[in-house]
Amino acid sequence: MRYIQEYRDADAVRRVLDEIHRITTRPWVLMEICGGQTHSIIRYGIDQLLPDQIELVHGPGCPVCVTPLELIDMAIAIASRPDVIFTSFGDMLRVPGSKKDLLQVKAEGGDVRVVYSPLDCLKIAKENTDREIVFFGVGFETTAPANAMAIYQAHRQGIGNFSMLVSHVRVPPAIEALLSSPQNRVQAFLTAGHVCTVMGYWEYEPLAERFGVPMVVTGFEPLDIVRGILMAVRQLEDGRAEVENAYPRVVTREGNTQAQALIKQVFTDCDRKWRGIGPIPNSGWCLRPEYAEYDAALKFDVGDLEVTESPLCKAGLVLQGRLKPDECPAFGKECTPRHPLGAPMVSSEGACAAYYQFGRYSK
Amino acid sequence: MCLGIPAKIVEIYDEGGLKMAKVDFGGVYRETCLAYVPEAEVGDYVMVHVGFAINVIDEQAARESLETLLEAGLIDEKTADHLMPD
Ligand code: SF4
């Protein structure tokens, strides 16, 4: 497939890695924000091919992992109602709530369906006018254009039996929170290529300048990733802290302005709690008051929910890059993809799942 | 969820006022919404996320960035030819 195969060319990747080895003179800590990149890095063993001085820490960019437990429990409560068809991206079904997951709701007779696109929910709504269709609207800036369009179209077409449980999160406030933490060790960021496809990378320029930290927009294939690392290390070695684009075939500085316009029309900034990490000011998107009738959290009264995390799970530390998944005592023992204790073991973007899937059992 | 996949547009049509397309993910065909890439044409490659094209892949930028690698000696001519087929 065009634009995939050529960026997996082993010879090209090796040469870029050689160049990283050649220019590295000191220890550096880099964070890849996006869980999709974490999976590529672990799958291709890129972290093991880097000079010993370069440490890659895995960031919080796993939407499934950071969706707050309260919302997972709320989703489970809504999905259990007989009048509801609950729809979601597949990844969310196995995320552990306080007592069970959405897959269990389905096994118990709940109508839980995986959709490919949020627009599918509108079709389901039109075919089932006697039921309430609820979509679990999670994700970073990448899924926001799709979710915003579903709301906008439901409104335009007057579809009243559709609503969304919204849990959108944004990358720049998370980077700011990480860099403001006294425990921060990260010296450069590989920023998430597809978040930037939508939003552009102008939002990162004030952050790079204020914290003196290089940020390189990076793609997902091996050649894209080593290129992003090379550009970041070069900046660190030169003492520069700029925003650079290692993914120009897909990302522009201004991003997709039409998508941004619809996101702005439907969503507004709000504070958001990140699972395992805690509240981050202004780090989320919620529905604007004009679209309140599509807010599932307002439409369904689920009463008071008591939430409890597994005491063994160290996902918060993993998501902040302070613990490697295989350093969690439960990793591969009490916690496996079949019996996950935390979301990072479930998601196709979770760091724990990446370590497990690609056989990183020992340190 | 954030892993976009490149796909080639094979057919464009209108559905309820939305610009939609049939796209080819290397042999697997799916429906994708083109509302955010109104300039996209049949034959273009787009980056697809959860049923939406979020950008048209810039062939020119792809070539230029590979040429930078070539000039820096990070890839050789043979690899470049392989990376930039005409
Ligand atoms: S290995 Fe399991 S228990 Fe440990 S942090 Fe990851 S998800 Fe949580």
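The values are calculated or read from the model by the stated rules, or taken from the named source; none is laboratory data. Because the structure is a prediction, the values reported are computed rather than measured. Glycine also receives a Cβ, built like all others from the backbone with ideal geometry; neighbour counts cover every protein chain displayed.
Would you mention how many residues in the stretch A:216-240 are touching a residue at least 40 places away in the same chain (Cβ under 8 Å) and in contact with a helix residue (DSSP H, G or I) (Cβ under 7 Å, 6 or more places away or on another chain)?
15
Which residues, taken from the stretch A:155-190, are part of a strand (DSSP E or B) and either farther than 19 Å from A:Val216 by Cα or within 12 Å of another protein chain (Cβ to nearest Cβ) (or both)?
A:Phe162, A:Ser163, A:Met164, A:Leu165, A:Val166, A:Ser167, A:His168, A:Val169
Could you list all residues from the stretch A:312-346 that are touching a Gly at 6+ places or on another chain (Cβ under 7 Å) and under 22 Å from A:Ser40 (Cβ atoms)?
The answer is A:Ala315, A:Leu319, A:Gly321, A:Ala343, A:Pro344.
Give me the residue from the stretch A:144-168 that is among the polar types (S, T, N, Q) and crowded, with 24+ Cβ neighbours inside 10 Å and, out of that set, nearest to A:Cys34 (Cα to Cα).
A:Ser167
Check A:Gly303, A:Gly212, A:Gly255 and return the single one that is at positive phi, within 14 Å of chain B (Cβ to nearest Cβ) and either out of contact with any Ser or Thr (no Cβ under 9 Å at 6 or more places or on another chain) or not acidic (Asp, Glu) (or both).
A:Gly255
With A:Asp83, A:Asp120, A:Asp18, A:Asp91 as the choices, which residue is surrounded by fewer than 20 Cβ atoms within 10 Å (Cβ to Cβ), under 28 Å from A:Ala148 (Cα atoms) and within 14 Å of chain B (Cβ to nearest Cβ)?
Testing whether each residue is surrounded by fewer than 20 Cβ atoms within 10 Å (Cβ to Cβ), under 28 Å from A:Ala148 (Cα atoms) and within 14 Å of chain B (Cβ to nearest Cβ) leaves just A:Asp120.
In the stretch B:19-38, how many residues are within 21 Å of A:Ala261 (Cα to Cα), part of a strand (DSSP E or B) and touching a Leu at 6+ places or on another chain (Cβ under 8 Å)?
So the count comes out to 3.
From A:Ala259, A:Ala232, grab the single residue that is in contact with a Leu (Cβ under 6 Å, 6 or more places away or on another chain), crowded, with 22+ Cβ neighbours inside 10 Å and not in a loop (DSSP other than H, G, I, E, B).
Being in contact with a Leu (Cβ under 6 Å, 6 or more places away or on another chain), crowded, with 22+ Cβ neighbours inside 10 Å and not in a loop (DSSP other than H, G, I, E, B) holds for just one of A:Ala259, A:Ala232, which is A:Ala232.
Got a sec? Which helices (runs of 4 or more DSSP H) wholly within the stretch A:278-363 have at least 2 residues that are more than 8 Å from the ligand (Cβ to nearest atom) and under 30 Å from A:Asp83 (Cβ atoms)?
Filter on the stretch A:278-363 gives A:296-299.
Would you check which residues across the stretch A:1-15 are more than 16 Å from A:Arg249 (Cα to Cα) and at the interface with another protein chain (Cβ under 8 Å from one of its Cβ atoms) and list them? So that I can check it myself, show each step before the final result.
Residues of the stretch A:1-15 more than 16 Å from A:Arg249 (Cα to Cα): A:9-15.
The answer is A:Asp9, A:Asp11, A:Ala12, A:Arg15.
I need a count of the residues in the stretch A:222-245 that are closer than 19 Å to A:Tyr44 by Cα and in contact with a Ser or Thr (Cβ under 7 Å, 6 or more places away or on another chain).
Here the count works out to 4.
Given the structure, is A:Glu32 within 29 Å of B:Lys8 (Cβ to Cβ) and either outside any helix (DSSP H, G or I) or assigned by TED's automatic domain parsing to the domain that holds A:Leu178 (or both)?
When the stated conditions are applied, A:Glu32 passes them.
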